[in-house]
Every structure is written in structure tokens, then in C-alpha cells.
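A short worksheet on the structure shown next.
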């Protein structure tokens, strides 16, 4: 589906030269008595390469039609992560190159949104935060709780995090998926 360059917005996924790019920045520029143009900055969906373009307002770009489906994470098989569609129970293998950086935030059997392009899975849409169980935590030294220091810990998915001194092994914590930072202590029910 094609749209005018002036209608492109941040977050759109464009098809450029057969490849998928997500728009990370968009500016409409009208310099003095010149013709208006659109400065578009986008990032390749799989490789992360950044591309910048200047397009006239009347030029067309192709928007990708993306479909999102709710899927459960099952297990890792070599370089692939296996997800199962919650409605039709079909299984999809996502390559570690596509989703490897996001997987430390996903527990087994957790529901996540998988994005598809032309029937093929291309990425995961994680929630803003996840609740994970702490399986390892450094010991806190008495008196350290007065300061705002943090200690190292490891979550059930293998994610290494920094947590406050009062968090112990077996506790549940809420972690930001965008920064990897500790947000708060959580209850076990929130992890379900």
C-alpha cells in the first residue's frame, strides 16, 4: 500500500528496495521559498542499519502490511526460538538474529505478540515491563541498605540485572523491557 511521503509518521514500517525499515524520525521541512520536503530517518528491521532519505511531499512510499498474533513461547531449538499461535496452535521458529536481544525478557509459556509480514514472523512486541523471578542474588552487607546502592542478580531467564539490596533469591521483580532496569518488587501472581 503506497502513501505520500508527507503522511509518513514515526513507527510506520516501510518497504524500501524489498527490505523492511521502521521509521524512527520524521521531519517536514519548508525552507524559505523552496519546495517543502520530508526528512525521513529509518532503521532496517533485522540488521539495524540506519537509512536517511529526503523525499518531496508528493512522492510515494510503500507501507508494509503487518499482522500481529498472540503466541506462547515454548522453547529454544539451536539458533531458533519456537513460538506457538494461541488460536490455531501452529508453531513458528524465529531466528536468534531477529529476537535474540529480546528473549531474556520472555519466560517459557509466556504470551507475547509476534509480528508477521507476508505470513512470516519477523519480530516480537514485548510489553513495557515484565515480572521475573530472581534465581541468584549477591548477598547484602549489613548497613548497605542505608545507601541507594544496588547489587547484581540473575533472573529466571538468565537476564543479569541490578536490584536494591533488599531483593533476595526467590523474590519477583518488575523489569523494564526497554532499559533492563529494575522497576519494583512484584508478587508471584503478576508473573502468571
- Would you mind stating whether residue 123 is at pLDDT below 85, surrounded by 16 or more Cβ atoms within 10 Å (Cβ to Cβ) and within 17 Å of the chain's Cα centre (by Cα)? yes
- Can you name the number of the only condition in (1) within 24 Å of residue 22 (Cα to Cα); (2) exposed (fewer than 15 other Cβ atoms within 10 Å of the Cβ); (3) at pLDDT below 90 that residue 86 fails? (1)
- For residue 178: the one exception among (1) loosely packed, with under 12 Cβ neighbours inside 10 Å; (2) assigned by TED's automatic domain parsing to the domain that holds residue 70; (3) within 26 Å of residue 22 (Cβ to Cβ): (2)
- Item | Sole exception among (1) surrounded by fewer than 12 Cβ atoms within 10 Å (Cβ to Cβ); (2) touching a residue at least 24 places away in the same chain (Cβ under 8 Å); (3) not assigned by TED's automatic domain parsing to the domain that holds residue 37 for residue 58, by number | (3)
- Counted residues in the stretch 20-72 being assigned to a strand (DSSP E or B) and under 30 Å from residue 106 (Cβ atoms) come to 20
- Does the stretch 133-147 hold any residues that are within 29 Å of the chain's Cα centre (by Cα) and modelled with pLDDT under 90, and which are they? 137, 138
- Item | Residues (in contact with a strand residue (DSSP E or B) (Cβ under 6 Å, 6 or more places away or on another chain) and not in a loop (DSSP other than H, G, I, E, B)) located in the stretch 7-18 | 13, 14, 15
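The values are calculated or read from the model by the stated rules, or taken from the named source; none is laboratory data. These numbers come from a predicted model, not from an experiment. Every residue, glycine among them, receives a Cβ derived from its backbone with ideal geometry; neighbour counts consider all protein chains shown.
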